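The values are calculated or read from the model by the stated rules, or taken from the named source; none is laboratory data. Everything numeric here is computed off the predicted structure, so don't read it as measured data. Note that each Cβ is placed from the backbone with ideal geometry, even for glycine, and that neighbours are counted across all protein chains shown. Accessible surface areas use protein heavy atoms only, side chains included; no ligands, DNA or RNA. Shrake-Rupley method; radii C 1.70, N 1.55, O 1.52, S 1.80 Å.
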Amino acid sequence: MELQRTREIASRVEELDEVGSTNAALRVLATDADGWPHLSVLLTENQTAGRGRLDRTWSAPAGSALAASVVLRRLPDDPSARGWIPLAAGAAMADAVAAQLPERTVAVKWPNDVLVDGRKICGILAEAAGDAVIVGSGVNTAMTEAELPVPTATSFAALGSTADVDRLLATYLERLSARMDALVESGDAASSGLHAAVVDRCATIGLDVRVSLPGDRFLEGRAETIDEDGRLVVRVRDETHAVSAGDVVHVRPAQP
């Protein structure tokens, strides 16, 4: 791939012909902090054993999707602020996708799935790796309508568009780097502007949702906002409940 713009932003860019998981591979490589500094990227268009939240599997035909993982080493001192990293990545990728699909509605489903016209085009997984965090993203680029795994998925190709992968990655890295720098400098999501950016992009807010929790428990109500800790605030009658991404199995629209 020609990735001139991406290479101007990233500290290091390595492309693999095939890999099981870019996150898993980068976790091993990133033990070399000097060789893989902050904002280094490992990518492929043939990921054979991708993973999502809660170890859900993710796969796509070769050449139909972009898998890219980024190592972040400049992190907030407060561990609780690091919970905003996947949210920051989701908002950054939404900005990158929207830049190429200006006529479409691009949003984030809390906590970090990127949607186009309500259908998922990208998933994001952030994982701690020693003193660093690895953020992986899987974007449906050339996947045809017939290749989409579920009716709620979409891709650039299915939308009649050709993804400019270099531009997509470069914009994503620019936005992610800027938001992380602001979060590190300020120490919290509110004063850095990250909270407002995520809320502005979030399609979940305002919906009646059914939240699946561990132990076959459920919460049904109106998603009101995202609090300053990055939790989704759900109103159930006269009470509000704040749920964190780590405690949630699924968040889906409530059935009428």
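Here are the numbers:
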read-out	value
Accessible area (Å², 1.4 Å probe, nearest 10) - I205	50
Calculated [θ] (222 nm, deg cm²/dmol) that DSSP helices of n ≥ 4 give over the chain, each run adding -39,500 (n - 2.57)	-7500 deg cm²/dmol
Kyte-Doolittle mean at least 0.0 and Cα axial length at least 27 Å: DSSP H helices in the chain	165-186
FRET efficiency, A128 to Q4 (Cβ-Cβ, R0 35 Å, nearest 0.05)	0.65
Listed residues V233, T144, V248: farthest to the positive end of the dipole of region 125-256 (Cβ charges)	T144
Positive minus negative residues near G118 (Lys, Arg vs Asp, Glu; Cβ under 13 Å)	+3
Rg/Rh for the chain, where both radii come from Cα atoms and Rh is the Kirkwood radius	0.95
Stretchable slack from A49 to E18, in nm (0.36 nm times residue separation minus alpha-carbon distance)	10.1 nm
Computed label-point distance, nm, for sites A196 and H241 using a 7 Å Cα→Cβ extension	3.2
Diffusion coefficient, µm² s⁻¹, Stokes-Einstein with Kirkwood Rh over alpha-carbon pairs of region 1-145 at 4 °C and 1.567 mPa s	83
